[in-house]
Amino acid sequence: MQKDEVLEILNRRYSCRDFDRNRKIPNEDFEVILHSGRCAPSSLGLESWKFVVITNDLLKHQIAADAPGNQDKIEDCSHLVVVCAVIGDVIKPDSNYLKKLYKDEKYFQSINSMLKSVRENRLRNDEKMIESYAREQCFIAIGQMTQTAAMLDIDSCIIGGFYAAGLKGLLGQYMNTDDINPACLLSFGYSKKNTIPPKNRKPYEEAIKWIS
């Protein structure tokens with residue numbers, strides 16, 4: 001891939017606000033987007049996320065009711081993804097979650113030791129800080145998923161304005177939500193306008209500082 005092609009793909013991603021509800025993303029394409037989220041980097045490789053994919057129109061409507069200003073982007077999209085953060089207790093040292101991730105005993109002990117250090121020294125064993133730490137990792141996956149969508153000519157929108165507790169309650173009707181908290185919503189689909197707006201960014205000199 002040439003450098004100009006990379007730049008074109010980077011400029012292709014934008015926040016879609018007018019999804020065509022009649023156009024659906026092929027499953028094989030959407031699986032690539034999900035795989036990109038699973039492949040995203042995370043601190044200590046903890047993968048402290050769970051992606052809940054919603055195509056049910058009634059559930060999308062219920063979620064939209066608690067997302068002021070974002071109703072259309074939720075109801076009209078092809079696929080809505082609730083990106084959830086794994087709750088702090090699940091990623092504590094010696095947890096079953098950790099043991100499932102790292103089946104090699106030697107590697108498990110190494111990661112376990114590093115996680116203990118992170119929790120005690122950086123996060124001070126503060127549960128709110130630990131949950132924020134898990135939530136932060138989700139946004140790495142979010143960026144990777146939306147950029148992958150752009151590579152496939154699929155539009156997306158990152159939505160932070162929603163009632164998280166209400167959404168967790170709704171999801172609880174379909175699945176166990178004890179170990180997760182909704183962190184963000186991702187809408188995927190195709191724009192009605194089928195045009196890519198210009199990307200406005202502050203000047204290079206204000207965004208980037210080189211120190212040689």
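No value in this document is a laboratory result; all are computed from the given coordinates. In this text the structure is predicted, and so the values were computed from the model without any measurement. So basically every Cβ, Gly included, is an ideal-geometry build from the backbone, and we count neighbours across all protein chains shown.
Applying 1/(1 + (r/R0)^6) with R0 = 30 Å to the Cβ-Cβ distance of Ala207 and Leu34, what FRET efficiency is obtained, to the nearest 0.05?
0.45
Any idea what the dipole of the stretch 3-193 comes to, in debye rounded to 20, about its Cα centre with Lys/Arg Cβ at +1 and Asp/Glu Cβ at -1?
The dipole magnitude comes to about 300 debye.
Treat each spin label as a single point 7 Å out from the Cα along the C-beta direction, and report the Glu105 to Lys92 distance in nm.
According to this spin-label approximation, the distance is 2.4 nm.
Please work out, to two decimal places, the log10 of the ratio I(q)/I(0) at q = 0.18 Å⁻¹ from a Debye calculation in which every Cα of the stretch 52-110 carries one identical scatterer.
-0.67
Given H placed on each backbone N at 1.01 Å, which residues far from Trp49 in sequence or on other chains put an amide H within less than 5 Å of it?
So Trp49 has HN proximity to Val86.
For Asp72, put the label point 7 Å out on the Cα→Cβ axis and report which residues of the stretch 162-201 keep their amide N under 17 Å from it.
Answer for this model: 187-197.
Using Cα pairs under 8 angstrom and six or more residues apart, how large is the relative contact order of the chain, in percent?
35 percent
Using Cβ counts within 10 Å as a stand-in for footprinting exposure, how do Val52, Val6, Val83 rank, fewest first?
Val6, Val52, Val83
Sorted by mean Cβ packing within 10 Å, highest first, what order do the peptides 12-19, 144-151, 36-43, 181-188 take?
In descending order of packing, they fall as 181-188, 144-151, 12-19, 36-43.
Between the stretch 4-78 and the stretch 183-206, what is the separation of their alpha carbon centroids in Å?
The distance from the Cα centre of the stretch 4-78 to that of the stretch 183-206 comes to 13 Å.
Taking 2.2 N^0.38 Å as the expected size of a compact globular protein, what ratio does the Cα radius of gyration of the chain give against it, to two decimals?
1.12
Could you tell me which of Val118, Phe162, Leu7 has its Cα farthest along the dipole of the chain towards the positive end, charges placed at Cβ (Lys, Arg +1; Asp, Glu -1), taken about the Cα centre?
Towards the positive end, the residue furthest out is Val118.
To make sure I understand, if each residue's beta carbon is the centre and we count other beta carbons within 10 Å, what order do Leu98, Leu58, Leu7 fall in, fewest to most?
Leu58, Leu7, Leu98
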